[in-house]
1. For the protein assembly as shown, taking Cα atoms only, what is the radius of gyration to one decimal and the Dmax to the nearest whole Å?
2. In whole angstrom, how far apart do the alpha carbon centroids of segment A:141-194 and segment B:500-523 sit?
3. Among the aspartates and glutamates, which have Cα under 20 Å from the Cα of B:K85 when same-chain residues fewer than 8 positions away are ignored?
4. Output needed: Cys residues of chain B lacking any neighbouring Cys C-beta below 4.7 Å, sorted by number.
5. Hey, fewest Cβ within 10 Å first, where do B:K63, B:K6 land in order?
6. How would you order B:396-409, A:94-107 from highest to lowest mean count of nearby Cβ atoms within 10 Å?
7. With no solvent and one equal point scatterer placed on each C-alpha of segment A:342-452, evaluate the Debye formula and give log10 I(q)/I(0) for q = 0.15, 0.17, 0.19 Å⁻¹, two decimals.
8. Using modelled amide H (1.01 Å from N, peptide plane; none on Pro or chain starts), what sits under 5 Å from the amide H of A:T325, excluding residues fewer than 5 places away?
Number of protein chains: 2
Amino acid sequence: MRSADKQDALVVFSPSGKRGRFAIGTPLLQAARSLGVDIDSVCGGRAMCGHCQVHVTEGALPKHGIVSTSENLSAPGEHEQQFAKQFDLDEGRRLSCRATVEGDVAIDVPATSQVLQQVIRKPGEAHDIAIHPVVQPHFIEVSKPELNQPDGDLQRIYAALEQQWQLRGLSCGLPVQQRLQQALREGDWQITVAVRNDNRIIAAWPGLRDRLYGVAIDVGSTTIAAHLCDLRSGEVLESSGVMNPQIRFGEDLMSRVSYVMENPESEQELTTVVRRSINELVLGLADAAGLDRNEIVELTFVGNPIMHHLLLGISPVELGRAPFTLANNSSIEVTASELGIGINPGAYAYVLPCIAGHVGADAAGVLLAEEPWERDDISLVVDVGTNAEILLGNKERMLAASSPTGPAFEGAQISAGQRAAAGAIERVRIDRETLEPRYKVIGCDLWSDDPGFDDQRPEVGITGICGSGIIEAIAEMYLAGIVRPNGSIDGDYVLHAGDQNIAITQADVRAIQLAKAALYAGVCLLMAERGVERIDRIRLAGAFGAQIDAKYAMVLGMIPDCDLSAVSSAGNAAGTGARIALLNKDARTLIEDRVRRIEKIETAAAPGFQDMYVEAMGIPHLVHEFTQLATSVDLPKAKA
Amino acid sequence: MRSADKQDALVVFSPSGKRGRFAIGTPLLQAARSLGVDIDSVCGGRAMCGHCQVHVTEGALPKHGIVSTSENLSAPGEHEQQFAKQFDLDEGRRLSCRATVEGDVAIDVPATSQVLQQVIRKPGEAHDIAIHPVVQPHFIEVSKPELNQPDGDLQRIYAALEQQWQLRGLSCGLPVQQRLQQALREGDWQITVAVRNDNRIIAAWPGLRDRLYGVAIDVGSTTIAAHLCDLRSGEVLESSGVMNPQIRFGEDLMSRVSYVMENPESEQELTTVVRRSINELVLGLADAAGLDRNEIVELTFVGNPIMHHLLLGISPVELGRAPFTLANNSSIEVTASELGIGINPGAYAYVLPCIAGHVGADAAGVLLAEEPWERDDISLVVDVGTNAEILLGNKERMLAASSPTGPAFEGAQISAGQRAAAGAIERVRIDRETLEPRYKVIGCDLWSDDPGFDDQRPEVGITGICGSGIIEAIAEMYLAGIVRPNGSIDGDYVLHAGDQNIAITQADVRAIQLAKAALYAGVCLLMAERGVERIDRIRLAGAFGAQIDAKYAMVLGMIPDCDLSAVSSAGNAAGTGARIALLNKDARTLIEDRVRRIEKIETAAAPGFQDMYVEAMGIPHLVHEFTQLATSVDLPKAKA
């Protein structure tokens, strides 16, 4: 209701609390922009995208001295009514690009109408993700060409982006240029362009297109995992994983590097197979979500240094020999098509930086997911694979190292070891008196001594023991007095008798001793370098970190003593880091800066590391600190 | 000879005349750099590349008050002697990076030791070419990696380029990154990197590499021509041409566009075949010159708008219908690999800008070769093809237009017309009394009435008449009174009787009348727009321009009256323009700027063009100005 006697009115925006007086007739979106209130719009105020929806807070606001009412906005006009009909606009919602100020009013901007949204953290994740993707859609109306005006279509698009979105100095890749003319004419001179980093047009569609998608990819040596995300909401639409097909060239990383060393042309082969798998994975996600693959405009990648190099088509040979030199330790941007990924032909891939020759872009992803530099207390973040990547510190100083644990924790080099798959023993308990074992296998909820176990156990049978099973077996064997503190045992300990016994051998215990000593010594080295004697919290990243029981890891002396309640799984933190870099371009600047600043410790070159390694071999190596554990896992005080 | 009593000495450089006093012991190269004297060096002063050779001017220089002698330089040391032995250094030449100042001396810097060299113009070319290529080789020594120093190889290369060449803010494409580690180790931490535009590493080789190469390519609708150039000397090492394979989709441009319109998927086909031909052409040049194809690091392209779009994989459909909108009227840079050209994988291609929908990057090349904006007098530059591209003006103001001459000048739409190839009649004379013709054919030096012509004529026989032959035939027919000023003739005029007569028909004369009227009217339109009544000089570009006799073109009224001595062939000016853009990066900035500023006149939209067109149909249309021609070609004053 326009008050004839008023020239302007007060508008208060919540939740920001920003307020100002505006001339009667000012569109709300314009008022918001002039105050710096965050309201999204893809269509640029044409009542087409509906991103700028707001609603009026009704009633008296004594604090502001006004009575707010929806009648103090203009009545919905033709465009807005049309939008409301077509897209089922919620009751009370208004398009802020169309509703004009007609009197004092308080406006609530819902989270979904803000450019800078947040994705709530998932279990295991350390913090919410702010949404600020590197690629943004912009709807534009482009002037028509004329006989006497020889400007190219691209030049008139640049002019429209400058005039309608204040974007200047843009460039445009060839794949988009090949499609622009048709898009313009199909859209009757209205198109949506995807602009990357405010400086490059990477895609274009006829008409309005307000949703763009990206995929965050974690290239592990065993598994490749990918998450298809809505770049506006941050929502994960689909996730999927496949085995890394490079496994056929070598189960673990070093055997793949050896393969390349012995077959110098084969890094191309390893590159080809992994790229092909990623392409299939990504296109599969698009299909599953019912998207056109051209709607996927950005990829992010994490992976250990060898996966990183092979993905990019760089030989991993230098990573297999001292001094373990990376080809490039900055982040890398390439086009998706250079990697053979058949999404939008203008799309880019952002590969997080590697930290050092053994501390990869996966560790950078973990850092980004965990942000230990935000905290006062000392965090230890461990990602266990063939190498354990160790991150330690707080807001004052962060250190990174890699320790050569070898593949024992993944079940390799263990007589009955196997990958975590159906049939693998994953939990073990040993009776302290009878020394009889009981266990659980993957694929069955019952313990081996539960009634009905034999009926419910996986069809494949009991096939072996996976990483977390080995940890528990040896820790329980120690707690039951079967393993002595120096690691010696009297003959094989059979967990499961059958056609082929599943047993823990002396060699198995030695392999785990070496692996856990490497990890522990690496942590000790960083603690010494950092000058701390105690860790305040421990985050275990990766699949292995999610599976192992922290108690047993501590019994075994894999990780240093720490309040058990302060030990937790960080989930697939590397993948989370890739997702953060996908959804937030500022996170890229952040991790590039942090990776430059983090202090890299080369365990192989550190004096004293060998001593720590030898010292860490015993089980447990710091018995006096196990008081807390004693209550929870029945430490063998009598027998030790 | 070091003078014990002197602290410094005078050094005079020629031809620059720059002089300064330098401390005894200063290397000449350093002295030159501090004075801004242009001396080249790829190896950065390591006595390896030999680019910095100079020699001493011996004797008294009264003007400078010194006596210059080679004894006032340090004696050649070990490195320099080694270089002299290995590379046969000319007597008296010294490496300025090694020779130090020991007393007063005058130094001559030969042209071959300067960074900014010039290529002397070839016949037909308008000016010399200054050499300043966009890609420069830089030799660097890179620090070795260390266990405790996690910098990637690329980062240490960046550091070396900053320290040794003052290059900052560099980027590096993936193809180079894939090869860097091996190059570094093969070169024992000495490599040469090719840096483009001082901001991007595009290639790398182990050790010292001081020659890089590029190819300038003119994509014509009939022929694709390419010139392989040494980017340092500017020398053309090899040139070659192939037929444009798109011809099978349509002889002339518009029929190719029609083909694409009727077969919407076929622009990819046309793109594929032309790229494949270019690739073969370029690799053939490398083989012929004995080069590794990886040594070719830059390409430049010119072509008419339709060739330009098809090369880039952009549909030409919009260029075939009003308002003839270009996809992009700026210059375009893409990687050579995006165009499927298998040279150095880091190489780029620079495509000159199109001027308007009918005035292409070929016309931009012509402009760059001709630089009519450098002159006070009014130039007319014409490139005749299916469309005539017309450039007119001087330093004050330049205009460009295209006129739809159609393919008649190329022999199409002419009853006996054919391309300029062996067997085609290219010269015609008609006896003014007997009206008997005589002619010359391509592939034979004799006239048809010379003794022995029948023995020496090409094996294919007399197969037709090419563009220049048609011009001469009709002009001679007019001069002999066979063609009336309005273009009418009394029946076919037989040039060659045989199984199939080669004759000029009434329809042929009409086709040429229409074509020449279009060209002439286009020129008139620009003259009117430019406000000039007379042209001072005419340059005829392209193959057709090189073949036709200007006298006959003037008799026919193709081009306006002009002092015959001021009419000349510009050779393949479009190709020359591509070569200039290849050898000199400043020329790119120049042409981009000039193309923006040139005034584009759309003949189809110009009021008055139709009138001019109709008026220009007669032969000759301006009889009163033909006094000069009368003396040289025997104008038919009596019969006219």
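Each value in this text was obtained by applying a stated rule to the coordinates, not by laboratory testing. Worth saying up front: this structure is predicted, and the values here are computed from it rather than measured. So basically every Cβ, Gly included, is an ideal-geometry build from the backbone, and we count neighbours across all protein chains shown.
1. 39.2, 137
2. Spelled out, the Cα-based centre of one part sits 40 Å from the other.
3. B:D210
4. For chain B, the answer is B:C52, B:C97, B:C172, B:C229, B:C354, B:C444, B:C466, B:C524, B:C562, because their Cβ atoms have no other cysteine Cβ under 4.7 Å.
5. B:K63, B:K6
6. A:94-107, B:396-409
7. -0.87, -0.93, -0.98
8. Placed amide hydrogens put nothing under 5 Å from A:T325.
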